[in-house]
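Values in this text are rule-based calculations from the coordinates and carry no lab data. Bear in mind that the values here come from a model prediction, so they are computed numbers and not experimental data. For neighbour counting, all protein chains shown are included, and Cβ atoms are generated from backbone atoms with ideal geometry for every residue, glycine included.
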């Protein structure tokens, strides 16, 4: 029998660590290769991790709510291969905290017959006695145990000592104390911060802009919805845009690639995508998620609508799988009817572009020498200058505009 | 053709019984061979030389009769009709053994054939057999319970407690004592002042007799009478069969404690040899008898090879069958 | 109308005998009513074959009960004092507990061994012990210890219906306790503890007669402003660690109280599991109130000095609350 460590894998481009949501197997369970083993909350979503080995789960090292970094050992599996070298390789990976207390004193005639220890024993200098529950509360609120006088036996710091400290430090209640402290970011917000920092500091981006007329699309959409059977997913504006982007990418294939490597070294390369994979920016409770739709050029509006509805639902529940967040070369960000007139979105590395769609406004336009009022939005396309320059970006945007303003759509 | 003292008992099917004797003999020889080669975990106890008791008694038992035996029980289990391969597989600890590898040589159980258990605690099986007999009596069935034990069990309190209770409740229970003159490594006269085990029966009000346990036809006849009486509701019966162990106390035991002349003499008392001579004297062709022996040997060898090829138990199942009630297994520590 | 523990257990046995023809009672003097009168009248009502006297042969009668269970009866064996279970240990430990496992699941032993434990009124060392800890050490056994008449009624019926061997441990000092059996009494599941009294400051885990002491302690402590949560284990094997854990995650402090000797008692097993499984929830070490390490003496003053009671639970809780 060999002991094999289960290590935290990297998920996604910018993941560094994750929080354990729950174990899907318990100690003693048999695990087959490929079985879901645990759920992690990464910066982007809750992800199921499968076991890469078969064996029996013999020890869990990472507890619920604990953080771990990529590569950390989170559990031990016992597999069938027998190697002597594997014995004794079971070092713990989670650190222990303050010094353990010595055992209870031997029974003496002076103690109560039924064995409760006498309450008036002196503290031992140089050691912090504290109960596990007190330690946990103190850690959660950043209280230093060493500064507290323990009210428990042997000078032990107990829950009430930590609670009192929390209240007096804040000069108020425990809740007031919490409000003034710097608040750590959730893992999702940390990931967004890293991603956008990476984008803005390493990707040379520029933007091109067009005003786009919704008239034809809206008419088509209304007609389409009227003809749909009851209960089917109704194509939204985003679904239309996803298809339009896919078709425009098809025409401007050079934009359907990502930059890889170092610009100052010979290994810099453009990696063309196999198929049109497009991300859709979705606002969730604590931030953003970008589920990716793969091979959009093969999908009609009805199918896109169905998939988009399902993916968004899962994004909101934090249940997107790893492969649903990867592979896009371009994303769509539509801030909707209450969004700004125009905005410039930052590219999601490693993608090559992002399309920001401003809110629809009735605008005065000149058409054939007459003044008309049309529903218009500003489309702002941000592009990675290492992948494309102004001409290509402009061509793409023009092609896209023509599709959106046209009345040819693939439906089923 | 054969004199039978029994009434109402059908004449022995000597061919089947002759084969049954050899089957046990060859089975035990294979256990001994594989144990010497290190393939048998634990310490199996062989009943070589005591086959006639098992075959003669079990010939009168139905599948529904309960059989209990001791640590030296392979012969009884086979004689009751258990599958040779499954029995051997259990002794060598295979997953497909009778008890899924959880019991082994000293704890053979085959509920489907009425073998309710061997036990490794001397005299531990006596009261269990009385309990099974009580259940049959309580339900009004005419099944009986048979328990095989060695003469060493008569030193245990449970032996006397069970005789007492079985007689008081008139249980349908047959006690069969295989008295081979040795308990563990000590001869009987160092164990008890009572030389004849059947002498224990009378004070409790139990019918008993002592016979030459190596005379198959005699065992068959007397056991038939006894079992008929037990089934009729006459109460328990104690049948003492004098016999002789031809292998040591357990496999690996060097037999230092038995004089060599004794060992040679016992070969002359081998129950298979005796039956063979008896049958030849009555006109059965030796060649036919040899052929039956050869069939039995072949049957056992095949079963043993198939058993050896069976898979071993999966360690992942080690906690299965501790409890049966739903919910207890998952909660148990 | 309130009935005693004895009357209510008798009623449970009576009803089970009537309900299931496979149920049989056996034991020393059971047909005559038993040493404590629990089975009084049952032989007359159900027949001498269903409620059967045995000689003083604990080894044999445990074996007979086991063998009968193998063949489909559901025997309820009475062992007069748990102290005498020692004579039946070969059967209970080497046979009854292990038959299902050793046979690879072919056979089951659906039997109940009813016995009683505990000290009362000078019964002295050989008739006063609490030996339940021995039996939780045996895989395959189930051990139940009811804390009151109504609890005993339901738990005994549940035990009789279980397909595994159950040691059902009553308590001498509870035999005279009176309770009213509800119209439709509950049949609690074997293996689940109950919260006998909810509280928030300290968890007190007890079973059998000590539950009554714990509840008395709760009342006294309440008037001093300390709220204890009393857990009645009901089943000792298997232990319901889930209920215990839920309580400790609320109170963070725990006292285990049992009449049995502290050294190697069930409290040790529970404390070890709490220490390991609920370490971070603890605000104080796990305390045990139990009998000191001596046989139960004969003279009343000595017996009283030794036995743990309500005072000791109150003291232990107060020591934890300081």
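Structural remarks
- Quick note on the protein assembly as shown: its Rg to Rh ratio, both from C-alpha atoms and Rh being the Kirkwood radius, is 1.12.
- Look at A:370, A:154 and count the other Cβ atoms within 10 Å of each Cβ; fewest to most, that gives A:370, A:154.
- Helix C:58-70 axis versus longest C-alpha principal axis of chain C: approximately 80°, rounded to the nearest ten.
- With helices as the sole contributors, chain B gives -13000 deg cm²/dmol at 222 nm; each DSSP H run of n ≥ 4 counts as -39500 (n - 2.57), and the sum is divided by every residue.
- Take each peptide in B:229-235, C:156-162, count the other Cβ atoms within 10 Å of every residue, and average; sorted highest first, the result is C:156-162, B:229-235.
- Partner shielding of C:197-203 amounts to 0, given as the average count of beta-carbon atoms from other chains within 10 Å of each residue beta-carbon.
- Which of A:245, C:56 has the fewest Cβ neighbours within 10 Å, and the rest in rising order: C:56, A:245
- Cβ-based exposure ranking for C:212, A:147, B:306, in which fewest neighbours within 10 Å come first: A:147, B:306, C:212
- On Cα atoms only, tilt of C:310-321 relative to the major axis of chain C in degrees: 40 degrees
- Crossing angle, helix C:241-251 versus chain C [Cα axis fit, 0-90 degrees, rounded to tens]: 20 degrees
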